[in-house]
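Visitor: This is the structure I have questions about; it appears just below.
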Amino acid sequence: MLEKMGEFFDSRLNGYEEHQLNCIESAREFYPFTASCLPCYHNASVLDLGCGTGLELDWYFKLNPTSEITGIDLAVGMLEELKRKFSDHNVKLIAGSYFDVPLGSAVYDAAVSVESLHHFTKDKKTALYKKLHQSLKDGGYFILTDYFASSDEEEIMYMTELAGLKKSQGITDNGFYHYDTPLTVRHEIEALKLGGFSAVEILNSWGATSTIKAVKKSLSNVM
Ligand SMILES: C[S@@+](CC[C@H](N)C(=O)[O-])C[C@H]1O[C@@H](n2cnc3c(N)ncnc32)[C@H](O)[C@@H]1O
């Protein structure tokens, strides 16, 4: 049965971090790698899309304890756990969907998202990436670590399966239900470029998981 996204994660809060670290291939490599890509200077402002309990922040705060984090997540229980873990850090949490929450203009030095964005279509992500691009300062960047479909056929298969499940369960609303529908890396990069990011590159890969960096052009580099 499909479950609402926030409820899916909140109901699995117990044991969530152990599951991520022990059951996802190379998680103990890609979390620290992702953290190492984020700014290391004092008071860097970083937006975390789908922060959950903040696993990526476990590593990032070790590298940069003074960073100022804004985390957005649908699952209130996950956010409460993040707040408990990092009560002595500068963390602002927003309960809601990153598709709906206003992100502002030129606010963040960087943004990050780990294992959250593999549930959405390319169109939906393109709209989000436009908003994200706007929210970054000039020269700011987005680090995306997520897992990707290995082919166009696999991408279509997951989307088709989700549509079939929704139909069979009589779901007609546009709410978010937990079902993995990863894009291919090629389609993800296209969405980021359509969102306005100028330089997009794959920094690392572990099986189906990759880390992608997307940079907002610095105005001083614009001719
Ligand atoms: C697998 S967890 C990843 C959490 C954390 N980044 C990590 O790697 O441990 C995915 C998270 O994305 C959140 N999420 C999914 N869709 C979202 C949306 N539209 N807006 C905000 N959060 C969302 C879920 O609630 C969940 O906490």
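No value in this document is a laboratory result; all are computed from the given coordinates. Nothing here was measured: the structure is a model prediction, and the numbers come from that model. Neighbour counts run over all protein chains shown; Cβ positions are idealised from the backbone, glycine included.
Visitor: If you add up the charges near Ala95, with Lys and Arg at +1 and Asp and Glu at -1, over every other residue whose beta carbon is less than 12 angstrom from its beta carbon, what do you get?
Guide: For residues surrounding Ala95, the net value is -2.
Visitor: Right, next: Given just the C-alpha atoms of the range 145-185, how large is their convex hull per residue in cubic angstrom?
Guide: 70 Å³
Visitor: Taking amide hydrogens as modeled 1.01 Å from N in the peptide plane, which residues meet the under 5 Å criterion relative to Tyr108, leaving out close sequence neighbours?
Guide: Placed amide hydrogens put Leu136, Lys137 under 5 Å from Tyr108.
Visitor: Report relative contact order for the chain in percent, whole number only (criteria: Cα-Cα under 8 Å, sequence separation at least 6).
Guide: This gives 21 percent for the chain.
Visitor: Compute the distance in nm between two label points, each set 7 Å from the Cα along the Cα-to-Cβ direction, one at Ala199 and one at Lys83.
Guide: Inter-label distance under the simple model: 3.9 nm.
Visitor: If you don't mind, there's one more thing I want to ask. Can you give the alpha-carbon Rg of the range 1-116 over 2.2 N^0.38 Å, where N counts its residues?
Guide: Dividing the Cα radius of gyration by 2.2 N^0.38 Å gives 1.03.
Visitor: For a quick check, take a GNM of the chain with Cα springs below 10 Å and name the residue from Tyr60, Tyr16, Tyr31 with the largest mean-square fluctuation.
Guide: The residue with the greatest mean-square fluctuation here is Tyr16.
Visitor: How much length would be gained if the chain were fully extended between Leu219 and Asp138, taking 0.36 nm per residue of separation minus their Cα-Cα distance, in nm to one decimal?
Guide: 28.5 nm
Visitor: With the chain treated as a Gaussian network of Cα nodes joined by springs under 10 Å, which of Gly15, Gly77, Gly207 yields the largest mean-square fluctuation?
Guide: So, out of Gly15, Gly77, Gly207, the one fluctuating most is Gly15.
Visitor: Rank these for me by crowding, Cys40, Cys51, going from fewest to most other beta carbons within 10 Å.
Guide: Cys40, Cys51
Visitor: Starting with the fewest neighbours, write out Thr70, Thr160, Thr121 ranked by other beta-carbon atoms found within 10 Å of each beta-carbon.
Guide: Thr160, Thr121, Thr70
Visitor: Just need log10 I(q)/I(0) for the range 5-217 at q = 0.08, 0.13, 0.17 Å⁻¹, Debye formula, equal scatterers on the alpha-carbon atoms, no solvent, rounded to two decimals.
Guide: Debye intensities relative to I(0), on a log10 scale: -0.26, -0.71, -1.29.
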